[in-house]
């Protein structure tokens, strides 16, 4: 996944490619899926697969440590929301190309398996492993990132009234500092998860998230500046006051 992250970052930056969904969707294929259906069915594997791994482990009599229970709660809370609530709250949404949906689904299956089994492997540290300072700091970072992500999604969702199309400048919350506030929140969220997990699979996922949606925040920033003459000049792409 680390190599995949590096390759993705290079394609999206040096290669100047755009992930072809949302505002960057182009009529390069005849095969599309409804945005809500596509989002749910691609993301749901990140919830279903680790949940199935957890249930299988419990049926075999494995006892979870407090740390394992915490990590499963963090991961499953995010993806249960992202899969089964978030898509249906969105207004509109351009149809998603089937090839994008297939790639996203494959990644979510792989990552769901990787994170679920990675958490279960934490059992090697002992079922009595207690939640310590590192886990608490990771949880706090994760919660802060998720809060930014949720609030930013709320702002974006309410830019349009029912039946409206087109784009507007997002304002409020972390959007006062960066164009990709929702992406910043998710990057911080998974960095916190990786800190709490202290494992290679979690760190690799956090790294891939940065490589994948970090460039999209930059693309959004450049797009906003071209579309709106009154776009705030002091707003950055992803890192407040820096980038």
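Kindly put 10, 184 in sequence by how many other C-beta atoms sit within 10 Å of each C-beta, fewest to most.
Placing the least packed residue first, the sequence is 10, 184.
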Original post:
Given the options 42, 161, 115, which has the most mean-square fluctuation in a GNM of the chain, springs set between C-alpha atoms less than 10 angstrom apart?
Top reply: 161
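How large is the helix-only mean residue ellipticity at 222 nm for the chain, computed as the sum of -39500 (n - 2.57) over DSSP H runs with n ≥ 4, divided by its residue count, in deg cm²/dmol to the nearest 500? Please list the in-between numbers first.
Details: 9 runs with 152 residues, N = 243.
Computed ellipticity for the chain at 222 nm equals -21000 deg cm²/dmol.
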**OP:** At 0.36 nm per residue, minus the direct Cα-Cα distance, what do residue 171 and residue 230 gain on full extension? Give it in nm, one decimal, please.
**Re:** 20.0 nm
**OP:** May I ask for the angle, rounded to the nearest 10°, between helix 66-84 and the longest principal axis of the chain, with both axes built from Cα atoms and the value confined to 0 to 90°?
**Re:** 30
Original post:
Ranked by Cβ crowding within 10 angstrom, fewest neighbours first, how are 77, 96 ordered?
Top reply: 77, 96
Subject >> Using alpha-carbon coordinates, inclination of helix 45-59 to the longest axis of the chain, degrees >> reply: 10
**OP:** Inverting the mean 1/r over all pairs of different Cα atoms, compute the Kirkwood radius of the chain and quote it in Å.
**Re:** 19.0
Original post:
Given 10 Å bins starting at zero, what is the percent of C-alpha pairs of the stretch 169-243 in each, up to the one with the largest pair distance?
Top reply: 21, 44, 24, 9, 1
Original post:
Mind checking which of 143, 35, 73 has the largest fluctuation in a GNM of the chain, springs on alpha carbons under 10 Å?
Top reply: 73
Original post:
Pick from 15, 185, 116: which residue has the top mean-square fluctuation in a GNM of the chain where Cα pairs under 10 Å get a spring?
Top reply: 15
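Reported to two decimal places, what Rg/Rh ratio describes the stretch 161-209 when computed on Cα atoms with Rh from the Kirkwood expression?
1.20
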Subject >> Per-residue Cβ neighbour rank within 10 angstrom, fewest leading, 235, 130, 160 >> reply: 130, 160, 235
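No lab work stands behind these numbers, since they all come straight from the coordinates. Keep in mind it's a predicted model, so treat the numbers as computed, not measured. Counting neighbours? That spans all protein chains shown, and the Cβs are built from the backbone with ideal geometry, glycine included.
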